[in-house]
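This report refers to the structure that appears directly beneath it.
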Amino acid sequence: MNLLHYLILSMLLFVIGAVGFIVKKNVISVFLCLELMLNAANLSFVAFSRHLNQAHGQIFVFFVMVVAAAEAAVGLAITIVLFRNRNTLNVDDADTMKW
Amino acid sequence: MSGYLWLIPLIPLAGAAVNGLAGKRFPKAVISLIACGAAGVSFFLASIAFFDLLKLAPEQRHLLQGYFTWIASGDFVAQAEFLLDPLSGVMLLIVTGVGFIIHVYSIGYMHAEDGYYRFFSYMNLFLFSMLTLVLAGNFLLMFVGWEGVGLCSYLLIGYYFDRRSAGDAGKKAFIVNRIGDIGFVLGIFLIFLTFHSLNFGEVFRQIAEGTQRFPVEAGLGVLTAIGLLLFVGATGKSAQIPLYVWLPDAMEGPTPVSALIHAATMVTAGVYMVVRCSPIFSRAPLALHVVMIVGILTALMAATIGLVQTDIKRVLAYSTVSQLGYMFVAAGVGAFSAGIFHLMTHAFFKALLFLGAGSVIHAMGGEQDLMRMGGLRKHTPVTFWTMLVAALAISGIFPLAGFFSKDEILWSAWSQGHPLVWLFGLITAGFTAFYMFRLIFLAFGGEGRYSEEVRHHLHESPPSMTVPLVLLGVLSITGGFVGLPAWLGANRFFRFLEPSLAFTLNSEPAESSHAVEFGFAAISVVAALAGIGLAYRMYISNPKSAEELASRWKRIHRVLLGKYYVDELYDAAIIKPTLNASTNVLWKRMDAGFIDGAVNGVGQTIRNFAGILKNVQNGLIRSYATWILLGTAAVLLYVYVFLRGY
């Protein structure tokens, strides 16, 4: 189990999240994919932290978690408002902000 | 002494500022007091300055006062400087004196007009500009005054701006004057290029004495060019052929304006300028010749038009054009002092004629058509007698002012060897006498040709109008005595002006005895009397004969009535083609086609591109995410491929 294994796992998680973000239409799913990408990044941080024997990466993880928590709160609120106003959870229906 | 010279123009400027900015809230009495007070104080100071000048020895009468450096750019320096010498002294007295009298007259004439404060503000502003023009010590400052009077003329012609014809007349005056000004400006440029100075004294000294840059004998060509360019400016301002067309239309302005600006002062600025530049003109025979020919042609042509006009002010307007022609004839034959002499006497009697005409119009309740006047002698005696004096003066009847000055010009023309000019001048003098007395007889003689209602309204003007008339009447009688001709003793006026013409090249007059000169004076009086007699025969003793004559010479009469169709000619030859070219080529092709096309084309091209690119912003979050992903991938790829070494 060296650094490379962790990074490959991190990459796989990130790609799953990114592809999911693009192909999924349900807001909740999109949201989950977003969390997946964040945690893929977290995994890389931790792996590097251990590999380099430095605490910096672990501290960054805390920052990311805080941001993720805040984002989850705001994002879920938006989801609820979207459902109330549009009666839908499909992101493609929320496309009024365009040319 | 005369450190107060700058006050003379500045006081009217202050009056203009006060009345112009706050006059709306003042009662009329206060406005008149400020305006006339400013003109009066200015006149008073001018008189003091003039008498101070007289105290000096003749060769010292050249007071140049610099106040500050106005423009300094490289080796170009223009001072704000005023010059008081006999020439500007005479003009100073004419402008402030006649100006003051006309200001007082305006109180009565304008009492019922709207915009009373506006009128007096403009009048004071005009005085300021005219005094700047007259007192200026260099060409550039003179040009400032020159443009200032043009502006005031424009504003005052268009005083009744709610009348379309007045607005048009104002624009016409402004535009025609601009054409002349181009010549003046180019002349100034050429003067600076040649002499590297614009100061009158400095330029004239260089001309007379020659410098390394400007050897006297080599200067003929450039002096001719300068003279002709300056004269183009003078034809615009002083209403000479070919730029005289604006002056008759300028009669749309209030009558005191016609008297002050378009008879006595502003239109004589061209004559003043030519005389001021006499050191240049006297060394450029060709330019001088042009001045003479233009002058005599204008004098004759305007006089013939004046013979048939029926609008009282237009008769006077053409008369002014004609008399200005006389002044240029004087300058053209080298008798510069005679030109200024006629300028002075003309200022008196022509201002009087205009003010008298204003008084008549006032009495008639706005009527200007001579054919609907008549018999006014009984109703407006003061106006009648003063106008009669002025008419006699302008006709050149001994011993009124016009006799001395006009005779001096005719005599100069003859004695300098221009008999044809003398003959034309004599004919013009006869015409002048005829149309002036035609005006007098039609307005004051015979029976009234107006309705009962108008007859009821007839009244002599108030004292504020008649007193100026009488004052000018006295000046019209006595004004000529300052310059008695040689056969009545030496001409003191000419001797007085001599220091101003120190650098002028004097041409030698032909030898002749006083008896010959007297004989010529007698001939011109006879011509004038003939004109008066003819007018009497045609309009008093046999009123039908005028119409008979008109119908017998129908074609000539129509041409004269149509003012030789010069306006129509300009319209067809210059205005229409310009308008057509502007509309069809410059507007529709250049502006609408080319310039608008280029601007709109750029816009349309960008709009087309944007139409494609805008599709990127489609509102779909998933699409944005894809772009972000692709973008990030591209950046990473770039870093991996190109920046791997670091």
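Rule-based calculations on the coordinates, nothing more; no lab input. In this text the structure is predicted, and so the values were computed from the model without any measurement. Every residue, glycine among them, receives a Cβ derived from its backbone with ideal geometry; neighbour counts consider all protein chains shown.
So for the stretch B:1-147, taking the charge dipole from beta-carbon charges (+1 Lys/Arg, -1 Asp/Glu), which of B:Phe139, B:Val98, B:Leu87 sits furthest toward the positive end?
It is B:Val98, whose Cα lies furthest towards the positive end.
Residue separation times 0.36 nm, minus the C-alpha to C-alpha distance between B:Ala573 and B:Glu59: what's the value?
Gain on extension, B:Ala573 to B:Glu59, equals 179.9 nm.
Describe numerically, in nm with one decimal, the distance between label points set 7 Å from Cα along Cα→Cβ at A:Val67 and at A:Asn87.
In this crude label model, A:Val67 to A:Asn87 measures out at 3.8 nm.
Does a label point 7 Å from the Cα of A:Thr96, set along Cα-to-beta-carbon, have any residues of the stretch B:592-632 with amide nitrogen under 19 Å, and which are they?
Correct set: B:617-622.
Cα centroid distance between the stretch B:320-361 and the stretch B:51-105, in Å?
So the separation of the two Cα centres works out to 22 Å.
Could you line up B:Ile532, B:Ile71 from fewest to most neighbouring Cβ atoms inside 10 Å? Walk me through the numbers before you get to the answer.
Values: B:Ile532 22, B:Ile71 11.
In order of increasing Cβ crowding within 10 Å: B:Ile71, B:Ile532.
Using 0.36 nm times the number of residues separating B:Ala17 and B:Arg372, minus their current alpha carbon distance, what extension gain do you get? It would help to have the intermediate numbers written out before the result.
Details: separation 355, 0.36 × 355 = 127.80 nm, distance 4.08 nm.
Stretched fully, the B:Ala17-B:Arg372 segment lengthens by 123.7 nm.
Shape call for the stretch B:272-344 from the C-alpha gyration tensor, a ≥ b ≥ c root eigenvalues: rounded (a/c under 1.5), prolate (a/b greater than b/c) or oblate?
Working: a/c = 3.58, a/b = 2.11, b/c = 1.70.
Prolate, since a/c reaches 1.5 and a/b exceeds b/c.
For every helix of n ≥ 4 consecutive DSSP H residues, a contribution of -39,500 (n - 2.57) applies; sum these over the protein assembly as shown, divide by its total residues, and give [θ] at 222 nm rounded to the nearest 500 deg cm²/dmol. Each step should come with its number before you reach the end.
On the way: 31 runs with 511 residues, N = 745.
Helix-only estimate at 222 nm: -23000 deg cm²/dmol.
Relative contact order (percent) for the stretch B:366-461, with alpha-carbon contacts under 8 angstrom and 6 or more residues of separation?
On the way: 89 pairs, mean separation 47.0, N = 96.
Once divided by the residue count of the stretch B:366-461, the mean separation gives 49 percent.
In nanometres, what is the gap between the two model label sites at B:Thr69 and B:Lys614, each 7 Å from Cα along Cα-to-Cβ?
Label at B:Thr69, label at B:Lys614, 6.1 nm between them.
Could you give the longest part of chain B that holds none of the trypsin sites (Lys or Arg not before Pro) found in DSSP loops with at most 14 neighbouring Cβ atoms within 10 Å? Don't skip to the answer; put the middle values down first.
On the way: sites that count: B:Arg163, B:Arg213, B:Lys378, B:Arg449, B:Arg644.
That would be B:450-643.
What angle do you read, to the nearest 10 degrees and between 0 and 90, between the alpha-carbon axis of helix B:7-22 and the longest principal axis of chain B?
For helix B:7-22, the angle is close to 60 degrees.
Just to confirm the number: angle between the C-alpha axis of helix B:220-237 and the first principal axis of chain B, 0 to 90 degrees, nearest 10?
That works out to roughly 80 degrees.
If each residue's Cβ is checked for other Cβ atoms within 10 Å, how do B:Asp407, B:Asp75, A:Asp92 rank with the fewest at the top?
Numbers: B:Asp407 25, B:Asp75 8, A:Asp92 12.
Fewest-to-most ranking of B:Asp407, B:Asp75, A:Asp92: B:Asp75, A:Asp92, B:Asp407.
So how tilted is helix B:86-109 from the main axis of chain B? Cα-based, degrees 0 to 90, rounded to 10.
That works out to roughly 90 degrees.
Tell me, B:Glu568, B:Glu81, B:Glu147, B:Glu453 in order of fewest to most beta-carbon neighbours within 10 Å?
Values: B:Glu568 12, B:Glu81 22, B:Glu147 18, B:Glu453 8.
Ascending Cβ contact count within 10 Å gives the list B:Glu453, B:Glu568, B:Glu147, B:Glu81.
Once the other residues with Cβ under 11 Å from the Cβ of B:Tyr159 are scored (Lys, Arg +1; Asp, Glu -1), what is the net sum? Let's see the in-between values first.
Working: positive: B:Arg118, B:Arg163; negative: B:Glu113, B:Asp114, B:Asp162, B:Glu252.
Value of the local net charge: -2.
Net charge around B:Thr383, counting only other residues with Cβ within less than 12 Å of its Cβ (Lys, Arg = +1; Asp, Glu = -1)? Intermediate results must be reported in sequence, preceding the final value.
Working: positive: B:Arg377, B:Lys378; negative: B:Glu460.
Result for the local shell: +1.
What residues of the stretch B:615-646 lie in the reach of a label at A:Leu7, counting those whose backbone N is under 19 Å from a point 7 Å from the Cα along Cα→Cβ?
Under 19 Å, as judged by backbone N against the label point of A:Leu7, lie B:633-646 of the stretch B:615-646.
Beyond 30 Å, what share of the Cα-Cα pairs of chain B remains, rounded to the nearest whole percent? Could the numbers behind the result be given before it?
Numbers: 119885 of 208335 pairs.
Of all Cα-Cα pairs in chain B, 58 percent lie more than 30 Å apart.
In debye to the nearest 20, how big a dipole does the protein assembly as shown give about its Cα centre with +1 on each Lys and Arg Cβ and -1 on each Asp and Glu Cβ? Don't skip to the end; give the middle numbers.
On the way: 48 positive and 41 negative charges, 343 e Å.
Value, rounded to 20: 1640 debye.
Give me the distance in nm between label points sitting 7 Å out from Cα along the Cα-to-Cβ direction at B:Ser541 and B:Ala581, one decimal.
So the label points at B:Ser541 and B:Ala581 sit 5.6 nm apart.
How well do other chains shield peptide B:614-627, expressed as the mean number of their Cβ atoms within 10 Å of each residue Cβ? Numbers along the way, then the final one.
Values: counts 2, 2, 2, 3, 4, 7, 7, 9, 9, 4, 1, 7, 4, 0.
Mean shielding by partner chains, rounded to a whole number: 4.
Quick one: of the DSSP bridges fully inside the protein assembly as shown, what percent are antiparallel, nearest 5?
Working: 13 of 14 bridges.
Once the DSSP bridges in the protein assembly as shown are tallied, antiparallel ones form about 95 percent.
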